[in-house]
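To start, the structure under review is shown below, and the notes come after it.
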Amino acid sequence: MALNNTDAFKEIISIIECARENAFRAANRELISMYWEIGHYISEKAAAEGWGKSVVQDFSRFVQSHFIGIKGFSPQNIWRMKQFYETYTGNEKLSPLVREISWTNNILIMMAAKSDEEREFYLLLSSKNNYSKRELERQIDNGLFERTMISAERNQLFLSRSAGLTALRDSYILEFLDVPEHHKDPFSKDK
């Protein structure tokens, strides 16, 4: 009698996929930690010894000649490492979060966010939802943070005016419905 091992094999596939995901996350954390340390080093050298573009270009060439085929060490990316470090250093709330998402997503958030609150929002969102670069970019370009903050303010106003109301349903992004703008905003004066 032949046994049907398909279910057992699916469990093994699940174990392999989980291990691969864990390995990817661990490697990503190490990569981000390395970029953090290099950013710290460059930041200190720039402040103490006046390191500028030419020194960073020399540093970039040195690293690339020492590790043939290594990527991520262009002068521009090295300056981003410095900016990354300087943006998050001393911020005990945000600095651990940056290790949970990809370098590309970190750069997107760092360049687009105007405040620590906005950075935290997108860091958590990206980590929780495992956003690709494209999806995170879409959320940022569509102003999800601003819309969420406006919605939260309106919900608080509504709750304060409605005694006994304890919960509101979650707000959803309904852009895929192509609803006219004045219908998207329940408080719009343009109705």
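The values are calculated or read from the model by the stated rules, or taken from the named source; none is laboratory data. Values in this document were obtained by computation on a predicted structure and should not be read as measured data. Here the Cβ positions follow ideal geometry from the backbone for every residue, glycine too, while neighbour counts run over all protein chains shown.
Meeting the requirement of 3 or more residues that are buried (at least 18 other Cβ atoms within 10 Å of the Cβ) and in the same structural domain as residue 28 (by TED's automatic domain parsing), the helices (runs of 4 or more DSSP H) wholly within the range 66-137 are 75-88.
Could you check, for the range 146-155, whether at least one of its residues is assigned to a helix (DSSP H, G or I) and under 21 Å from residue 76 (Cβ atoms)? So far as the range 146-155 goes, no, none of its residues is assigned to a helix (DSSP H, G or I) and under 21 Å from residue 76 (Cβ atoms). Residues that are assigned to a helix (DSSP H, G or I), closer than 24 Å to residue 138 by Cα and within 16 Å of the chain's Cα centre (by Cα) do not occur anywhere in the range 34-51. Look at the range 26-54: where a residue is more than 18 Å from residue 96 (Cβ to Cβ) and a partner is of a type in the set (Phe, Trp, Tyr), sitting 6+ places away or on another chain with Cβ atoms under 7 Å, you get 42/51; 43/85; 45/51. For residue 61, the conditions (1) assigned to a helix (DSSP H, G or I); (2) surrounded by 14 or more Cβ atoms within 10 Å (Cβ to Cβ); (3) in the same structural domain as residue 44 (by TED's automatic domain parsing) are fulfilled apart from (2).
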